[in-house]
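Accompanying notes for the structure given below.
The values are calculated or read from the model by the stated rules, or taken from the named source; none is laboratory data. On a predicted model such as this, the values are computed, not experimentally measured, just so you know. Neighbour counts are summed over all protein chains in view; Cβ atoms, including those assigned to glycine, are modelled from backbone coordinates with ideal geometry.
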C-alpha cells in the first residue's frame, strides 16, 4: 500500500462535511465504516461512539487544510504535529504476499496502527499520510476548493502547483461563473459608455441650440 493512499484518509474524512452548505454525511456508524474503504477489518471496530470522535478529528484535520490554504505553514505543521503525537503509528515494511514476475516480494512501507478504538486507528493513518504528503510536496499542496461554497479539501499533485478545485465539476462551475461575471461586467461597461455618449450628445445639442438663439 503506497503512502499516498494514506493521505486520502484525511481528505475523505474532511470532505464528509460541507460546512458552507450545511451538509454532514458523518451521522452513523455505517458512515464511519465507509470511510475506511477497503480496510474492512479496521472498519469493523467502529461503534456508535466513534461518530462523535470522528467528527472531532475531522475538525482538527480541516483546521490543518485551512491553515495551509491561508498560507500559514507554521500553524498547519503545529496542528498536524499535535495529531501525530496524540495518534502515533509504527512504520513497518510489508509485502502483503505480493510478488513481482521473478517471484520476489513487492516490499513497501506500511503504517501499522495500534488503536484503542476505530477513531484512533483512522486518525493515526490520516495524520501520518498527510504528514508524508506535506513534507514531500510542501504545505501549499494542501488545498481547499476555491469554487464557493464548496471548500472541500484536496491534495494538489499537479506538476505546476496549479490546482484550485477539488474536482472537474467544481472547476467547470467556477469557470462558467467567472465567464458570466465577465459578460455582465462587459455589458455594464457598454451600457455605461452608451449612456455617457447619449448624455454628451444631448449636452452638445443643447449647447448648439443656445448658440443659435444667441446668434439671432
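Structure summary
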read-out	value
Criterion (over 20 Å from residue 13 (Cα atoms), touching a residue at least 24 places away in the same chain (Cβ under 8 Å), crowded, with 16+ Cβ neighbours inside 10 Å and in contact with a strand residue (DSSP E or B) (Cβ under 9 Å, 6 or more places away or on another chain)) met by exactly one of 94, 120	94
Matching residues in region 16-45 - criterion: being at pLDDT below 95, more than 17 Å from the chain's Cα centre (by Cα) and not in a helix (DSSP H, G or I)	36, 37, 38, 39, 44, 45
Among the residues listed as 51, 64, the single one being in a helix (DSSP H, G or I), surrounded by 15 or more Cβ atoms within 10 Å (Cβ to Cβ) and in contact (Cβ under 8 Å) with a residue 40 or more places away in the chain	64
